[in-house]
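Shown next, in structure tokens, is the structure this report addresses.
The values are calculated or read from the model by the stated rules, or taken from the named source; none is laboratory data. All values derive from a computational prediction rather than experimental measurement. Neighbour counts run over all protein chains shown; Cβ positions are idealised from the backbone, glycine included. In case anyone asks, the SASA skips ligands and DNA or RNA and just uses the protein heavy atoms, side chains included. Shrake-Rupley method; radii C 1.70, N 1.55, O 1.52, S 1.80 Å.
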Amino acid sequence: MLKLKGKGACPGIAVGIISYFGSSAPEITFKNINDADAELERVEKAKNTAKEQLLEMYEKALPRLGKESAEIFQIQCALIDDLDYNKAIINMITSQKVNAEYAVAVAADNFAAMLSAMEDDYMCARSTDVKDVSQRMIRCLSGSGEKNFYDGKRIICAYDLTPSETFRMNRDNVLAFVTARGSSQSHTAILSRIMGIPSVIGIGRELTPECDGKLAVVDGVEGIIYIDPTPQVLEEAEKKRADAKRRQQLAGEFIGVETATKDGKTIPINANISSVSDLETAIKNDAEGVGLFRTEFLFLECGELPSEDVQFEVYKYAAQTLNGKTLTIRTIDIGSDKRSDCISVEHEENPALGYRGIRICLDREDIFKTQLRAIFRASAFGKIDVMFPMIISLKEVRQIKEIISEVKNELRIMNEKFDENIGFGIMIETPAAVMISDILAKEVDFFSIGSNDLTQYTLAIDRTNPNVEKFCDPYHEAIKRMIKLTVDNAHSAGKKVKICGDLGGDPNMTEWLIRAGIDEISISPADILEMRKRISEIDLSEAEETVS
Ligand code: PEP
Ligand code: MG
């Protein structure tokens with residue numbers, strides 16, 4: 001048995017067979033070759049295998065993702081035969097006498113750079129596809145084909161997973177995620193929590209592709225994976241699973257009960273969702289609404305910008321499904337670790353401090369207005385609030401309001417119905433927003449604290465960098481003061497403060513947050529009932545529990 005320790009990113013126990021996900025960039029070695037014809041033959045073979053794989057993926061993705069999203073595999077298939085790309089590969093092999101892997105990688109880099117420099121969004125988006133395709137071909141050349149993730153439930157192990165790789169996986173077939181790298185506040189870890197899939201990150205280099213096909217136990221609480229577990233570990237895992245089930249059953253008694261402390265203070269608990277498929281868990285766990293719909297994942301899934309109608313249908317479906325409960329839609333927060341194929345962001349040295357969230361939206365009014373029109377149209381079908389990420393200034397809020405008023409006018413002219421009183425909120429997730437929260441409070445209906453980014457920007461600790469995670473103290477006095485200041489300023493202006501960052505789901509902070517005056521909490525859907533139970537045990541009339 002091999003026991004590897006990392007960090008638990010989503011609790012839960014999983015037992016199953018490992019599939020090693022090899023989509024991360026394969027290593028490329030440079031070699032001089034003598035036989036160019038043999039190398040060209042290898043390229044042809046790799047192209048055919050890659051095309052077969054992509055067509056198979058298209059067929060399998062079609063019923064699950066729909067035509068529009070599945071088409072990405074057809075587009076990638078066509079890119080493999082692109083004349084310029086192929087000419088560049090052939091040229092390098094025949095004139096520079098380099099190995100096929102190296103030629104494919106360099107040709108792809110050049111081709112991708114050319115595409116991403118184009119003004120056209122569609123062509124820009126293809127640059128990521130070129131890189132994807134070349135990595136697939138390199139894996140075919142080296143004989144390390146990609147696993148088929150559609151055949152049965154597996155524990156997915158990987159060196160690292162991007163948010164879009166995680167999001168695109170068929171969650172019904174994933175028992176657990178385990179990665180060599182990763183940090184617990186990255187969007188990949190957050191996604192696993194929203195999906196309620198046990199996950200362990202930061203295992204280190206000992207987690208290698210050799211684990212593929214082996215039996216394993218994943219303990220998302222302790223942050224451990226046991227590869228080839230002993231009968232004793234398997235028995236222990238069964239016990240832990242039974243305990244977790246019992247806890248869930250106990251929490252099940254809180255379905256249909258209003259969330260309130262022992263002494264009667266009500267604190268609605270909403271769900272964080274990243275797609276409409278998370279609504280099922282949210283409803284099953286009796287969410288009192290959706291406090292954060294991270295809409296950017298809609299943009300990560302498609303190869304091109306989702307149209308107004310596609311977005312409208314998604315938001316309308318979510319609003320209708322919630323049946324009168326509030327759906328809080330956050331406009332796209334693309335950038336940093338959430339890269340979209342359809343909105344190109346240049347390489348940045350410091351992406352967390354870069355072109356992200358509202359900055360992109362205020363620059364790209366076409367994309368922003370399309371999303372706002374879709375949200376407002378959907379508001380005719382249910383209770384919707386809209387909120388905006390990464391705010392740092394009053395100027396941004398005023399600009400957003402102006403754009404909203406233009407969108408409303410356009411909709412009126414087009415005789416489209418919408419809710420005139422749609423709630424208007426902003427995320428408080430930068431120290432700048434906290435420090436001017438007294439000014440911002442006068443402009444909005446509510447604040448929602450994004451503690452993940454607020455922690456990153458306050459402590460100057462990149463939330464995606466595993467090397468600095470050990471320096472991160474989520475209970476840092478500075479964060480607590482930021483939250484308290486925000487709440488006090490909002491309440492002075494008669495406005496509500498919610499929290500949708502992961503601190504809201506941390507049971508160690510629940511009592512502190514409620515005592516600080518937080519009005520609503522939004523957390524991973526699967527954790528709602530246990531949180532409701534926990535809140536019901538808090539008595540605010542008793543002496544305060546300290547969190548440090
Ligand atoms: C946050 O920053 O706390 C937040 C909720 O937004 P995201 O995690 O999507 O950046
Ligand atoms: Mg954030």
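Note down the Stokes-Einstein diffusion coefficient of region 263-536 in µm²/s, whole number, using a Kirkwood radius over alpha carbon pairs, 25 °C, and 0.890 mPa s.
Details: Rh = 18.9 Å.
For these conditions, the coefficient is 130 µm²/s.
How high is the FRET efficiency between Glu365 and Lys284 when r is their beta carbon distance and R₀ equals 41 Å, given to the nearest 0.05? Intermediate values should be presented prior to the final figure.
On the way: r = 39 Å, r/R0 = 0.94.
Working from the Cβ atoms, E equals 0.60.
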Report summary line: The long-range amide H neighbours of Gly22, using H built 1.01 Å from N in the peptide plane and a cut-off of under 5 Å, are Lys147
Query raised in the report: So what are the three principal axis dimensions of the chain from its Cα atoms, in whole Å, longest to shortest?
Result: 81, 67, 41
Query - ³J(HN,Hα), Karplus 6.51/-1.76/1.60, whole Hz, each residue of region 334-350, x for Gly, Pro - result: 6, x, 6, 7, 9, 8, 10, 5, 9, 10, 7, 10, 4, 4, 10, 6, 9
Requested in this report: Kindly rank 357-367, 181-191 from highest to lowest mean number of other beta carbons found within 10 Å of each residue.
Outcome: 181-191, 357-367
Query raised in the report: Ordering Asp527, Asp502 from largest to smallest accessible area (1.4 angstrom probe), what's the sequence?
Result: Asp527, Asp502
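If each DSSP helix of 4+ residues adds -39,500 (n - 2.57) and the sum is divided by the residues in the chain, what number results at 222 nm, nearest 500 deg cm²/dmol?
On the way: 20 runs with 251 residues, N = 548.
The per-residue figure over the chain is -14500 deg cm²/dmol.
Listed here are the pairs Lys87/Lys131; Lys325/Lys369; Lys369/Lys496; which of them are more than 19 Å apart at the Cα?
Over 19 Å apart, Cα to Cα: Lys325/Lys369; Lys369/Lys496.
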Query - Rounded tilt (10° steps) of 121-141 against the dominant C-alpha axis of the chain - result: 60
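Average the reciprocal distances over every distinct pair of alpha-carbons in region 396-548, invert the result, and give the Kirkwood radius in Å.
Values: mean 1/r = 0.0584 Å⁻¹.
Kirkwood hydrodynamic radius for region 396-548: 17.1 Å.
Kirkwood Rh over Cα pairs of region 79-145 into Stokes-Einstein at 10 °C, 1.306 mPa s: D in µm²/s?
Numbers: Rh = 12.1 Å.
The calculation lands on 132 µm²/s.
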Query raised in the report: Using θ = phi - 60° and the Karplus form 6.51 cos²θ - 1.76 cosθ + 1.60, what ³J(HN,Hα) does each residue of region 222-232 get, whole Hz, x for Gly and Pro?
Result: 7, x, 10, 10, 10, 9, 6, x, 6, x, 5
Report summary line: Quick numbers on region 199-294, Rg and Dmax over C-alpha atoms in Å, give 18.5, 55
Query - Under-5 Å amide H pairs with Ser448, H placed in peptide plane, nonlocal only - result: Ile426, Met427, Ile428, Lys498
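Report, for the chain, the % of DSSP beta bridges that are antiparallel, rounded to 5. Can you show the working numbers first?
Numbers: 20 of 59 bridges.
Roughly 35 percent of the DSSP beta bridges within the chain come out antiparallel.
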Query raised in the report: Averaged over all directions, how much area does the convex hull of the C-alpha atoms of region 36-142 cover when projected, in nm²?
Result: 6.5
Report summary line: The Kirkwood hydrodynamic radius of region 76-207, taken as the inverse of the mean 1/r over all distinct Cα pairs, in Å, comes to 16.8
**Report entry** Euclidean distance between Cα centres, region 292-364 to region 471-506, Å
**Finding:** 24
